[in-house]
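Chemist: Starting off with a structure, shown below.
Rule-based calculations on the coordinates, nothing more; no lab input. In this text, all values refer to a predicted model and were calculated from it rather than measured experimentally. When we count neighbours, we look across all protein chains shown, and the Cβ atoms used for this are built from the backbone with ideal geometry, even at glycine.
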Amino acid sequence: MIVEPQTSERLGRIILERETQTRIGCFLIGIKQANAAVLSRVEFQPMPWALFSLLHGQLCREIELIGLLQRVTEWSVNPAVYARAAWTNARNLGDLQFIRFLAAPFAMDAGLYRYLGLAHALYAHLRFIPVLPLDVPLEHRFLAFLRSLETIHGREMQAQIALLRKLPVSLSSRERERIVGEESQRVREVFRRFVMELTTGGWTF
Amino acid sequence: MAFLNVDDHMIRYELAGEKNHVPLVFVNGLTQAAHLWGAYVPRFVERGYRVLTFDMLGQGESDKPVLPSDFDRQARTMAVLIEALGLDRPFVAGISFGGAVALRYAILYPEGLRGLAAMGAFSELDGRLKWIGENLFTGLAAVGTEYLQNWFMAFNFSSRWLEDNAGAIPAMRRRGYSLNDQYALQNLMEAVANCPSFSHELPGIRVPTLIMNGEYDYITHRGLHEILRAGITRSRLVIIQNACHAFTLEQPDLTIRLLDDFMGKVLADEWPGDQTTWVANDDPQADPLYLPVLGDPLRAIQAAPVSGNPPAPDHPKRKASARKRKTTRRGSAGEGT
């Protein structure tokens, strides 16, 4: 478990509060919007058909999931929650360094490979259900959605799983492992910090 | 809970028992984690063993590399862990995926263990296991982790166990779901799929070996255990009655007794290791522990020889002859009146 048991207990107690749902909704939507910004660029550049179709599909899915998150979340009416969420999102997007993939078109190189590593990590590590106590029921529509989101992410990441192995770029296995490890660590840290921030009630640096 | 860095990956482990005691290492099944040996650890510590449980690379709370690695990497990681913790020639006991890892460890490090327990294990993917693996992998990739968990529920446990434990199963599944990551499970499964058969290397295992197989194990069926029994010279195959694939979870008392008996005999230099097949007593407390097998252990049912046996009651031949007899009797009665 990436968080301590007391953090998990605390999250279990507050997960369905409107403020918490709002923070989680903003967190996920913010990341998905940034990912959609990267993916949408694929629409405007030449790319091998198989790769294009996978990334095009992921763009559609990200947009769809943003819409679903907006509908399923019980939004807070507290302005401070949004101010806080905006600050968190700005920091997360900086730490995840989406800017690296927005500046220039993709080429079949280490840059594209690194983006795929980041996208894999986003699908693999933004999992709220494992950080909840086992006795928290998942029938509530918000939790049921978070759970199904993990399943959808599992299906989406199949593209990254295949591409990270087979993308024809001149990287050794060790370099590939290092790159995906770095991106994985980046996402895990952002997620861990966000969960801590949710449960401590304070600003976590 | 402790971690050891092996090749830049953190491996989570727990070590219990006195330092000078005989070491025993448990190796998890595919979707398992170290805590599932919870019933075993205190019992073996009590019996004078030093017990190591750990999450393999890609499991539980150990690191889960994104890119796949080969099957032998698990055995090598285990070897590093064993050496780093100063465990001298442990007994190694593995179930299912972990059973195969334990077998690879015994092949790659023949001097690195004093006894081996291979439970629900395999040394090759035969026709059925290959199809099972491929379908499970497709289900995992296309549907998700819960599909794999639910499928295993049906094949790991008996109906009675599933019915008796219906209340506890949701929490068990949830814990498994939380501890596992889909991509890591896919990597583990792929490593198995890409591992060529190593049955021809089994004679290289020279240590005493206890092979255990559930009576109704339809994942790693009896034939795969027969290959192990025939290939490992100092082995014995023991069939666990009424058990499915995950008998370590369903019948811990019996499994503990079998392991304890095996290790005790090895330590006393009394392990027969005669490549025979036995059935474990259904009662974990009763004697004798091993019962002889009647009939062919590779068959699920023993048919009587064809010739000289009456057909079954509903057999068409029998029905026809019964009708004939009835008609004859009626006819006789008519004649009499």
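Chemist: Using the Cα centre of the protein assembly as shown as origin and beta-carbon charges of +1 (Lys, Arg) and -1 (Asp, Glu), tell me which of B:3, B:238, B:271 is placed farthest towards the positive end of the dipole.
Modeler: B:238
Chemist: I'd like the chymotrypsin sites (Phe, Trp or Tyr not before Pro) in the stretch A:135-203 restricted to DSSP loop residues with at most 15 other Cβ atoms within 10 Å, sorted by number.
Modeler: Here the sparse-neighbourhood loop sites are A:203.
Chemist: When the Karplus curve 6.51 cos²θ - 1.76 cosθ + 1.60 is applied with θ = phi - 60°, which whole-Hz ³J(HN,Hα) does each residue of the stretch A:21-32 get, with x for Gly and Pro?
Modeler: 4, 5, 5, 5, x, 5, 4, 5, 5, x, 5, 5
Chemist: Could you give me the ³J(HN,Hα) list for the stretch A:180-186, computed from phi with Karplus coefficients 6.51, -1.76, 1.60 and θ = phi - 60°, whole Hz, x at Gly and Pro?
Modeler: Coupling constants for the stretch A:180-186: 5, x, 5, 5, 4, 5, 4 Hz.
Chemist: Name the residue farthest towards the positive end of the dipole of chain B from the options B:122, B:209, B:292, assuming +1 on Cβ of Lys and Arg, -1 on Cβ of Asp and Glu, about the Cα centre.
Modeler: Value computed over the given set: B:292.
Chemist: Hey, can you grab everything whose amide H is under 5 Å from the amide H of residue B:238? Only 5+ residues off in sequence or another chain; H modelled, so Pro and N-termini drop out.
Modeler: B:211, B:212, B:213, B:278
Chemist: Take chain A, connect every pair of alpha-carbon atoms lying under 10 Å apart with a spring to form a Gaussian network, then pick out the residue of A:187, A:136, A:195 with the largest mean-square fluctuation.
Modeler: Among A:187, A:136, A:195, the largest GNM mean-square fluctuation belongs to A:136.
Chemist: With springs only between Cα atoms under 10 Å apart, run a GNM on chain B and tell me which of B:17, B:127, B:115 wobbles the most.
Modeler: It is B:127.
Chemist: Give me the dipole magnitude in Debye, nearest 20, for the protein assembly as shown about the Cα centre, with unit charges on the beta carbon: positive for Lys and Arg, negative for Asp and Glu.
Modeler: Values: 59 positive and 58 negative charges, 332 e Å.
Here the protein assembly as shown has a charge dipole of around 1600 debye.
Chemist: In the Gaussian network model of chain A, springs joining C-alpha atoms below 10 Å, which of A:11, A:146, A:134 carries the largest mean-square fluctuation?
Modeler: Of A:11, A:146, A:134, the Gaussian network model singles out A:134 as fluctuating most.
Chemist: Can you put B:143, B:22 in order, fewest other beta carbons within 10 Å first?
Modeler: B:143, B:22
Chemist: At q = 0.18 Å⁻¹, what log₁₀ I(q)/I(0) does chain A have when each alpha carbon counts as one equal point scatterer in the Debye sum?
Modeler: -1.31
Chemist: In debye, nearest 20, what is the charge dipole magnitude of the stretch A:5-197 about its Cα centre with +1 on Lys and Arg Cβ and -1 on Asp and Glu Cβ, if you could check?
Modeler: Charge dipole of the stretch A:5-197: 200 debye, to the nearest 20.
Chemist: Report Rg (one decimal) and Dmax (nearest whole number) for chain B, counting Cα atoms only, units Å.
Modeler: 23.8, 98
Chemist: Along the charge dipole of chain A, which of A:125, A:22, A:113 sits closest to the positive end, that is, farthest toward it, with unit charges on the beta carbon of Lys, Arg, Asp and Glu (+1, +1, -1, -1)?
Modeler: Final value for the positive-end residue is A:113.
Chemist: Same structure, new question: Among all lysine pairs in the protein assembly as shown that are eight or more places apart or on different chains, how many have alpha carbons less than 29 angstrom apart?
Modeler: Numbers: A:32/A:166; A:32/B:64; A:166/B:64; A:166/B:130; B:19/B:265; B:64/B:130; B:317/B:326.
Within the protein assembly as shown, the lysine pair count is 7.
Chemist: How big is the protein assembly as shown in terms of Cα radius of gyration and Dmax, in angstroms?
Modeler: When restricted to Cα atoms, the protein assembly as shown yields Rg and Dmax of 28.2, 109 Å.
Chemist: Are there GluC sites (Glu not before Pro) in the stretch B:1-59 that DSSP marks as loop and that have at most 16 other Cβ atoms within 10 Å, and which are they? Walk me through the numbers on the way to the answer.
Modeler: Details: sites: B:14, B:18, B:46; in loops: B:18.
Of the GluC sites (Glu not before Pro), the ones in loops of the stretch B:1-59 whose Cβ has at most 16 other Cβ atoms within 10 Å are B:18.
Chemist: Arranged by the count of other C-beta atoms within 10 angstrom, fewest first, what order do B:72, B:314, B:253, B:63 take? If you can, show how the numbers build up before the last one.
Modeler: Values: B:72 16, B:314 7, B:253 12, B:63 20.
Fewest-to-most ranking of B:72, B:314, B:253, B:63: B:314, B:253, B:72, B:63.
Chemist: List the GluC sites (Glu not before Pro) within the stretch B:55-153 that DSSP assigns to loop and that have no more than 10 neighbouring Cβ atoms inside 10 Å.
Modeler: Numbers: sites: B:61, B:83, B:111, B:124, B:134, B:146; in loops: B:61, B:111, B:124.
Answer in residue order: B:111.
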